[in-house]
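Working notes, structure below.
What follows draws every value from the coordinates through simple rules; no lab data is involved. For clarity, every value in this text was computed on a predicted model and none was experimentally measured. Note that we place each Cβ from the backbone using ideal geometry, even for glycine, and neighbour counts take in every protein chain shown.
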Amino acid sequence: MASGELGQDNLRRALKGFADLLAFDSDGLPEIARDGIENGRIQKFEYCAELFWKYVRSCLQSEGREVSNSPRGTLKESLAQGFLLDAEYAAAMQIYEDRNACSHIYRQELMPLILGRLPTHLALMHAVLARLPN
């Protein structure tokens, strides 16, 4: 599955764009520009999180595993398969709690906390991606 919307190349490009925006220094920009960049970071995080769990699910399926159609079920199965380490499971679940907080129950007061966790989320997605079969 090297191509297509769930392909590894697509996920890698999305993660690169996410990393680039996280690294962008918005200090010194007007408040409206910083707000736009923060919103862009959240949006890139949301679609990277979606691509990530769906790509992991496709890898599990290609290994012959039965996987539910949800991030939670995919993470549990990826733990059983060894794609996700025990020490990473809680952090992986936090990715989807944060994604849900952004996408479904948008609460402005949570945004600074979530923005602060984005680099950790990105690092975990990269670590798991490195373990997945090509």
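Here's the yes/no breakdown for (1) out of contact with any helix residue (DSSP H, G or I) (no Cβ under 6 Å at 6 or more places or on another chain); (2) assigned to a helix (DSSP H, G or I); (3) of a type in the set (A, V, I, L, M):
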residue: Glu66; (1), (2), (3): yes, no, no
residue: Gly73; (1), (2), (3): yes, yes, no
residue: Ala80; (1), (2), (3): yes, yes, yes
residue: Gln94; (1), (2), (3): yes, yes, no
residue: Glu97; (1), (2), (3): yes, yes, no
residue: Gly116; (1), (2), (3): yes, yes, no
Evaluate the stretch 21-34: report whether one residue or more is in contact with a Leu (Cβ under 9 Å, 6 or more places away or on another chain) and within 16 Å of Ala127 (Cα to Cα).
-> no
Quick one: is Arg99 of a type in the set (Lys, Arg) and buried (at least 17 other Cβ atoms within 10 Å of the Cβ)?
-> yes
With respect to Glu88, is the statement that it is more than 16 Å from Gln43 (Cβ to Cβ) and exposed (fewer than 14 other Cβ atoms within 10 Å of the Cβ) true?
-> no
Inter-residue pairs, beta-carbon under 6 Å, first at negative phi and free of Cβ contacts under 8 Å to residues at least 40 places away in the same chain and in the stretch 34-63, second crowded, with 23+ Cβ neighbours inside 10 Å and among the acidic types (Asp, Glu), 6+ apart | none
